[in-house]
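Novice: My questions all concern the structure below.
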Amino acid sequence: MASGDALLVAEHLTKRYRDVTALDDVSFSIFDGITGILGENGAGKSTAIKIFLGLIRPTSGSATVLGQDAFESVAVRGRLGYMPEHDCLPGQVSAAEFLTHLAEASGLPPSAARTRAADTLRHAGLFEERYRAIGGYSTGMKQRVKLGQALVHDPAFVFLDEPTAGLDPVGREEMLDLVRKTHREFGISVLLSSHLMADVERTCDRIVVLQGGRLVESGEVGHFTKETETVFIEVDTNREALVAALQRRGVVVTAEGGGLTIEGADESVYDLVRDALVEAQAPLRRMAPRRAALTDLFERDGDRAPAGAGA
Amino acid sequence: MSGAPEPVIRVDGVSRWFGSVVAVSEVSFDVRPGITGLLGPNGAGKTSLLRMMTGLAATSSGTVTVFGEPVRDNPPLYGRLGVMSEHETVYGFMKGRDFVRMMGRLRGVSALEDAVDRAIDLVDLAAAQHRRMDTYSRGMRQRMRLAATLVHDPELLVLDEPLNGADPRQRVHFKRLLQQLAADGKTIVLSSHILEEVEELADTVLLIVNGKLAASGGFRAIRAALNQRPYHVRVVCDAPRRLAAAALGLPSVDAVHVDPDGAILVLSRNVLDLQIELPRLAQAGGIRLRRVEPLDDSLESVFGYLVER
Amino acid sequence: MSAPPAGAAEAGRGREGTVFDIGYQRYTGAREGRARARMAVFKDGLRIAMGLGRGPRAKILPWFFVAVLAFIALIMALVAGAAERLGGPGAAQEMNLPSHSDFYGIASMILFVFAALVGPELLCRDRREGVIHLYLVRPLTGADYVFSRWAAFLVVVSAAAWLPQLILFLGLSMGDPAPLDYLGQHWLDVPRFLLAGLAMAAYTTTLALLTASFTTRRAYAAVFLVGLFMITTPFTAGAAQEIGGTAGQWISMFNLTNIPVHVNDVIFGQVSEITEEAPARAFPPAVLVGWYLAWTLVPAAILGWRYRRGAP
């Protein structure tokens with residue numbers, strides 16, 4: 001394989017259509033782990049994913065998957081999994097039959113396909129319902145089938161496109177658990193495309209951000225959700241008493257949202273806060289440094305310059 | 001919230017059933033100006049409730065009044081309502097502007113072209129308005145549908161999963177738009193599964209579970225009302241084991257876990273008790289508290305707890 | 001573990017226990033790549049065409065058509081048998097009763113309708129439901145997919161074309177007072193009808209699937225195909241008669257239902273009852289076969305081209 005642990009490599013990848021450039025000289029590598037690929041609609045994310053899946057030929061540059069050229073190699077797709085965002089499940093077939101069939105379509109012999117399908121359905125959380133026609137499934141169950149067909153042939157790498165779309169909060173948490181499990185327990189690396197920054201923060205180790213067909217950010221999630229020097233405090237009652245107690249101790253405090261913030265906190269301020277809390281009898285709900293969030297990347301207006309080498 | 005004597009929407013003892021299936025069961029609440037979040041698991045009855053609130057469906061029992069009048073079969077009232085349902089049905093062959101204009105005309109909007117301009121500007125799609133909608137991305141289609149919902153400047157907006165398919169920048173823009181509209185005195189009812197966004201936007205939340213209203217009001221107040229629930233708090237301090245020992249002395253604390261990295265995780269049965277006692281114990285022991293983070297505090301945790309109950 | 005006390009063996013075998021790992025296992029078995037993928041799509045195509053594993057309603061159409069064709073063959077066999085009994089040996093031939101060489105002419109419209117109604121199911125549904133995208137990210141090209149489906153439907157239509165002929169053959173041989181003699185004299189009919197049936201099947205399959213590749217709705221493809229055959233047939237036949245001469249012959253060549261039947265005639269060396277009237281029958285065999293090949297291979301190429309890089 002080309003460079004170290006890189007599972008997917010894009011090098012000067014460009015895709016031009018008649019009147020629009022979907023990808024413009026993009027270079028990045030995706031390593032082992034869960035990587036988020038972010039960007040606005042039209043930024044080039046789906047084009048990049050389709051190129052890695054061998055569905056589109058790049059105009060120039062190269063896309064390598066598991067060491068093979070993405071477009072030329074048909075065989076490498078036996079080691080890739082894809083969970084599309086759009087509807088892609090047959091209504092009249094059962095999940096068990098469908099997964100067995102797709103496992104075979106990925107190259108597994110029939111008996112292995114059957115056992116892999118059964119095991120994968122169990123890991124994806126589908127039990128008795130697996131013998132019923134998919135048309136009758138709820139959204140949550142359908143998403144599990146979609147994930148199952150991406151994993152049934154034990155790929156080395158899976159592409160997940162908006163896996164939590166349409167799921168209610170409980171379903172979303174369960175799906176994100178499955179995504180984490182896919183890497184941490186099953187050992188399969190993931191490229192996750194999502195518009196929900198909270199999903200990305202909770203599951204991804206690294207991110208790649210595209211905008212206008214260019215790479216504008218890449219790096220570890222931790223880098224983008226670093227702590228700031230602002231301390232945020234939240235109390236349920238007696239807030240005014242707390243503010244007074246803090247001011248008496250010489251602490252400068254600002255009210256913000258449901259709580260209070262203290263800028264540029266020095267070590268000693270924590271003890272002052274603690275004492276003020278006791279004095280004001282203010283029930284402490286939360287005290288923590290503010291963190292940057294991935295949404296901050298998108299709250300700035302206007303375009304940003306393309307990144308140099310990834311972080 | 002607001003000083004208005006009458007609520008914008010009053011739902012009173014409303015139920016809806018289909019044969020033996022009870023979709024909504026004796027729900028009552030008021031909606032006032034500002035942003036109200038309607039939450040609940042899939043299949044909990046939210047869609048039925050929204051349809052009854054907008055007059056699209058009749059109640060099986062109970063009444064829904066909007067702006068003081070019954071909402072069902074009340075065409076003059078619809079001019080003050082803007083409704084955006086979850087599933088997209090737009091005519092792909094239509095240009096965006098034409099779609100918004102058509103909806104405006106259907107509503108009898110006067111000064112049509114200006115209203116269309118304004119609505120399209122609000123959703124920031126002026127650049128794309130002359131293109132066919134089948135060339136739009138999903139997020140753009142949603143925004144154009146929102147423009148069509150806003151074209152007649154309704155006082156009440158009911159939006160079901162309006163952010164489906166929207167990318168992060170569009171989400172930010174949309175949030176600002178809603179906040180602006182709320183500041184202008186409009187009433188917005190927003191149904192969404194993305195709780196962290198509802199937490200940011202909504203002053204009031206309504207949680208529907210199995211057809212019943214499980215919680216309503218300000219999120220923080222709801223959370224504070226759930227005093228007796230299992231509550232995990234992660235504490236970083238400079239004497240973890242001493243603080244852990246002290247915490248175990250509290251009768252409301254069920255367990256303390258010590259992390260390899262030095263943080264301690266306190267599991268308590270009484271939220272308020274722990275909130276008061278933790279600083280006190282730290283002070284008594286001369287321990288510096290650096291971080292106190294509840295793990296069950298998000299709208300999502302509270303939601304999960306209420307749904308499971 | 002302590003040593004089990006005496007008598008423990010009788011008490012039970014519960015002294016040892018094993019915990020099995022049923023967590024996720026990596027797959028270390030064979031990966032058969034593209035060949036296996038094509039076979040999977042092919043087998044699935046057979047199932048779709050015959051309605052297997054998809055409930056009783058999916059089976060009605062294909063099995064109904066097979067039944068109708070078999071029935072026709074059975075009737076032909078019985079009538080020929082009756083003629084032999086009543087009129088003596090050779091009576092059937094004298095009376096010029098329809099036989100193997102005529103069957104495909106008679107059955108052509110039925111086979112076309114069968115292909116029109118059942119064929120599109122192999123391609124349309126996958127595109128309409130979006131399943132095609134799950135195939136295309138597997139070790140399978142678009143061309144692999146469509147030609148595996150094509151092969152599956154070819155097998156089914158060939159079976160539908162051959163079965164009645166086999167029934168007819170058996171019927172005729174058993175109806176004959178001297179079955180073994182009949183077999184001895186007429187055994188050449190078998191490879192002939194097998195080849196003619198295959199030609200009929202290839203043509204029908206290709207046109208049905210090509211049409212299906214243009215729409216996601218099975219019904220539209222079916223209506224288009226049936227309409228195409230039912231309209232061009234009388235129209236070209238009538239126009240050919242009217243105009244006559246070489247021009248009329250060429251017009252007759254555009255009678256789509258007859259194209260494979262002419263090949264059938266070439267194989268059997270005699271004009272069938274259906275194509276007796278067609279001016280095109282006058283063309284030399286090379287032209288008729290070449291024309292057939294054009295109408296089969298070119299659509300096949302277009303079909304492959306449409307699927308080459310994804311869902312059309």
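Novice: Give the residue from A:Val65, A:Gln211, C:Ser108 lying farthest towards the positive end of the charge dipole for the protein assembly as shown; charges sit on Cβ (+1 for Lys and Arg, -1 for Asp and Glu) and the dipole is referred to the Cα centre.
Specialist: C:Ser108
Novice: While we're looking at this one, here's another question. By its C-alpha gyration tensor, with a ≥ b ≥ c as the square roots of the eigenvalues, how is segment B:16-82 shaped: rounded for a/c under 1.5, else prolate for a/b larger than b/c, else oblate?
Specialist: In terms of gyration-tensor shape, oblate.
Novice: Take every residue in peptide C:257-269, count the Cβ atoms of other chains within 10 Å of its Cβ, and give the average of those counts. Don't skip to the end; give the middle numbers.
Specialist: Values: counts 0, 0, 0, 0, 0, 0, 0, 0, 0, 0, 0, 0, 0.
Going residue by residue through C:257-269 and averaging, the value is 0.
Novice: Could you name the lysines in cross-link range of A:Lys45, using Cα to Cα under 21 Å and dropping any fewer than eight places away on the same chain?
Specialist: A:Lys15, A:Lys146
Novice: Which of rounded, prolate, oblate describes segment C:171-312, given a ≥ b ≥ c as roots of the alpha-carbon gyration tensor eigenvalues and a/c under 1.5 marking rounded, otherwise prolate only if a/b is larger than b/c?
Specialist: oblate
Novice: Counting only other chains, and only Cβ atoms inside 10 Å, what mean value do you get across the residues of A:165-173?
Specialist: Partner-chain Cβ atoms within 10 Å, mean over residues of A:165-173: 6.
Novice: Which order do the peptides C:238-247, C:216-225 come out in when sorted by mean C-beta neighbours inside 10 angstrom, highest first?
Specialist: Ranking, from highest mean packing down: C:216-225, C:238-247.
Novice: Please check chain A for the longest run free of chymotrypsin sites (Phe, Trp or Tyr not before Pro) that are loop-located per DSSP (anything but H, G, I, E, B) and have at most 11 other Cβ atoms within 10 Å.
Specialist: Between exposed loop sites, the widest span is A:128-311.
Novice: With +1 assigned to the C-beta of every Lys and Arg and -1 to the C-beta of every Asp and Glu, and no other charges, what is the dipole magnitude of the protein assembly as shown about the Cα centre in debye, to the nearest 20?
Specialist: Working: 96 positive and 102 negative charges, 151 e Å.
My answer is approximately 720 debye.
Novice: Cα centroid distance between segment A:185-232 and segment C:44-120, in Å?
Specialist: Using only Cα atoms to place each centre, the spacing works out to 64 Å.
Novice: Taking a ≥ b ≥ c as the square roots of the eigenvalues of the Cα gyration tensor of chain C, is the shape rounded (a/c under 1.5), prolate (a/b larger than b/c) or oblate?
Specialist: oblate
Novice: Evaluate peptide B:158-168: per residue, the Cβ atoms of other protein chains within 10 Å of its Cβ; return the mean as an integer.
Specialist: So the per-residue partner count for this stretch is 4.
Novice: Among the GluC sites (Glu not before Pro) in segment A:172-226, which ones are in a DSSP loop with at most 14 other Cβ atoms within 10 Å of the Cβ? Mind listing them?
Specialist: A:Glu185
Novice: May I ask for the longest run of chain B untouched by GluC sites (Glu not before Pro) that are loop-located per DSSP and have at most 15 neighbouring C-beta atoms (other than their own) within 10 Å?
Specialist: In chain B, the maximal stretch lacking such sites is B:89-309.
Novice: For chain C, what is the relative contact order in percent, using Cα pairs closer than 8 Å and at least 6 residues apart in sequence?
Specialist: Details: 367 pairs, mean separation 73.2, N = 312.
Relative contact order for chain C comes out at 23 percent.
Novice: Among C:Ala77, B:Leu112, C:Leu198, which residue has its Cα positioned farthest towards the positive end of the charge dipole of the protein assembly as shown, with +1 placed on the Cβ of Lys and Arg, -1 on the Cβ of Asp and Glu, and the dipole taken about the Cα centre?
Specialist: C:Ala77
Novice: At a Förster radius of 41 Å, what calculated FRET efficiency corresponds to the Cβ-Cβ distance of B:Glu26 and B:Glu155, to the nearest 0.05?
Specialist: The pair B:Glu26/B:Glu155 has a calculated efficiency of 0.90.
Novice: I've got another one for you. Just flag the chymotrypsin sites (Phe, Trp or Tyr not before Pro) in segment B:87-164 sitting in loop per DSSP whose Cβ has no more than 14 other Cβ atoms within 10 Å.
Specialist: Answer by residue number: B:Tyr91, B:Phe93.
Novice: Can you pull out the GluC sites (Glu not before Pro) in segment C:33-141 that DSSP calls coil and that have at most 16 other Cβ atoms within 10 Å?
Specialist: In loop regions of segment C:33-141 (DSSP not H, G, I, E or B), there are no sparsely surrounded GluC sites (Glu not before Pro).
Novice: Among all the aspartates and glutamates, which ones have a C-alpha under 12 Å from B:Lys95's C-alpha, if same-chain residues fewer than 8 places away are not counted?
Specialist: The qualifying aspartates and glutamates are B:Asp134.
Novice: Moving to a separate point now. Let's see if you can work this out: charge +1 on each Lys and Arg Cβ, -1 on each Asp and Glu Cβ, no other charges. What is the dipole magnitude of chain A about its Cα centre, in debye to the nearest 20?
Specialist: I would put it at about 900 debye.
Novice: On a 0 to 90° scale, report how tilted helix C:142-175 is relative to the longest principal axis of chain C, with both axes built from alpha carbons and the result rounded to the nearest 10.
Specialist: 60 degrees
Novice: Of A:Gly166, A:Val190, A:Pro84, which is farthest along the charge dipole of chain A in the positive direction, counting Lys and Arg as +1 and Asp and Glu as -1 at C-beta?
Specialist: After comparing all options, I get A:Pro84.
Novice: Ok, one more. Scan chain A and report its longest stretch carrying no trypsin sites (Lys or Arg not before Pro) that are both in a DSSP loop and have at most 15 other Cβ atoms within 10 Å.
Specialist: Details: sites that count: A:Arg18, A:Arg132, A:Lys226, A:Arg249, A:Arg300, A:Arg304.
Free of exposed loop sites, the longest segment is A:19-131.
Novice: Against the longest principal axis of chain C, how steep is helix C:189-212, in degrees 0 to 90 to the nearest 10, with axes from Cα atoms?
Specialist: Taking the Cα atoms of chain C, the angle to C:189-212 is about 70 degrees.
Novice: Using a Förster distance of 60 angstrom, determine the FRET efficiency expected from the C-beta separation of C:Arg309 and B:Asn227, and round it to 0.05.
Specialist: 0.50
Novice: Would you work out the relative contact order for chain B, in percent, from Cα pairs under 8 angstrom that are 6 or more residues apart? Could the numbers behind the result be given before it?
Specialist: Values: 568 pairs, mean separation 56.9, N = 309.
Result for chain B is 18 percent.
Novice: Mind putting a number on the dipole of chain B about its Cα centre? Charges go on the C-beta only, +1 for Lys and Arg and -1 for Asp and Glu, and I need it in Debye to the nearest 20.
Specialist: 260 debye
Novice: Additional query: Among B:214-221, A:34-41, how do they line up from the highest to the lowest mean number of other beta-carbon atoms within 10 Å? Mind dumping the intermediate values first?
Specialist: Working: B:214-221: 17.0, A:34-41: 23.9.
Ranked by mean Cβ neighbours within 10 Å, highest first: A:34-41, B:214-221.
Novice: Identify all lysines with a Cα-Cα distance to B:Lys186 below 23 Å; exclude those on the same chain that are fewer than 8 residues away in sequence.
Specialist: Qualifying lysines at Cα under 23 Å: B:Lys46, B:Lys175.
Novice: At 222 nm, what value in deg cm²/dmol follows for the protein assembly as shown if DSSP H runs of at least 4 each add -39500 (n - 2.57) and the sum is divided by all its residues, to the nearest 500?
Specialist: It lands at -14500 deg cm²/dmol.
Novice: Between helix C:56-87 and chain C, what is the angle of the helix's C-alpha long axis to the longest principal axis, kept within 0 to 90° and rounded to the nearest 10?
Specialist: In chain C, helix C:56-87 runs at an angle near 40 degrees to the longest axis.
Novice: Normalising by the residue count of segment B:230-308, find the relative contact order in percent from Cα pairs under 8 Å and 6+ residues apart.
Specialist: 41 percent
Since every read-out is calculated from the coordinates, none of them should be taken as a lab result. Just so we're clear, the structure is a prediction, and the values are computed from it rather than from any experiment. Cβ coordinates were reconstructed from backbone atoms using ideal geometry, including for glycine residues, and neighbour counts include every protein chain displayed.
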